[in-house]
């Protein structure tokens, strides 16, 4: 039996992101809930196969974000920091969208890098352990007139979407001081074009608001 909206919130916490239609499974609506220390993938759909699809999405979340799968619930995961005080929760809206709407592998074996959209540069994010801090620094191949401006802008985007702590104009770390190359790799393409990402987020919010009102993904 499907839980009522208030029961879902009491059990799994607040809904932090909503995908209005799953393109790979019958256009069901999928929500991501957070209650320390776990995130839970949930849907009110009662169609056959929903539980298996939610388990697939959880596994995708683990694959693309560096989260840890729950041993007790195939729809749940957490992070090494146990997400204390909401740590590592800021990027989750992007994580869920990637896990539900995309079907691709995000490989970090060759480092964290992507092509800049506003220049001919290749952007890189390098990891380094500095005085017990796990530090990430944005750089590139300098193949543009003023590369420092782009590095700073992309650093700002990563900090904005990841909820990271700034070290300087080009460096940052996770609030929990964990190393997580996967989450940086996921956010880097979004951080290189903040205006387009903001437009996409606004459209997602509008679609999610309509779904929230019609399908009960709220506390009311």
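The values are calculated or read from the model by the stated rules, or taken from the named source; none is laboratory data. Bear in mind that the values here come from a model prediction, so they are computed numbers and not experimental data. Methodologically, a virtual Cβ is constructed for each residue, glycine included, from the backbone with ideal geometry; neighbour enumeration extends over all protein chains shown.
Before we move on, is residue 36 closer than 26 Å to residue 85 by Cα, modelled with pLDDT of 95 or more and over 20 Å from the mean Cα position of the chain (by Cα)? Write out each step before concluding.
Values: closer than 26 Å to residue 85 by Cα: yes; modelled with pLDDT of 95 or more: yes; over 20 Å from the mean Cα position of the chain (by Cα): no.
When the stated conditions are applied, residue 36 does not pass them.
Restricting attention to segment 143-164, does a residue exist that is within 22 Å of the chain's Cα centre (by Cα), assigned to a helix (DSSP H, G or I), buried (at least 18 other Cβ atoms within 10 Å of the Cβ) and in the same structural domain as residue 23 (by TED's automatic domain parsing)? Within segment 143-164 (the criterion being within 22 Å of the chain's Cα centre (by Cα), assigned to a helix (DSSP H, G or I), buried (at least 18 other Cβ atoms within 10 Å of the Cβ) and in the same structural domain as residue 23 (by TED's automatic domain parsing)), the answer is no, since none of the residues qualifies. The set of residues in segment 109-131 being in contact (Cβ under 8 Å) with a residue 60 or more places away in the chain, part of a loop (DSSP other than H, G, I, E, B) and buried (at least 18 other Cβ atoms within 10 Å of the Cβ) consists of 116 alone. Based on what the data block shows, is residue 136 part of a helix (DSSP H, G or I), surrounded by 19 or more Cβ atoms within 10 Å (Cβ to Cβ) and either assigned by TED's automatic domain parsing to the domain that holds residue 183 or at pLDDT 95 or above (or both)? Criteria not met by residue 136.
Selection over segment 177-201 of residues that are surrounded by fewer than 18 Cβ atoms within 10 Å (Cβ to Cβ) and in a loop (DSSP other than H, G, I, E, B) gives a count of 4.
One line per residue, one yes/no per condition, for (1) part of a loop (DSSP other than H, G, I, E, B); (2) surrounded by 20 or more Cβ atoms within 10 Å (Cβ to Cβ); (3) on the phi > 0 side of the Ramachandran plot; (4) touching a residue at least 40 places away in the same chain (Cβ under 8 Å):
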| residue | (1), (2), (3), (4) |
| --- | --- |
| 24 | yes, no, no, yes |
| 28 | yes, yes, no, no |
| 51 | no, no, no, no |
| 56 | no, no, no, no |
| 95 | no, yes, no, yes |
| 99 | no, yes, no, yes |
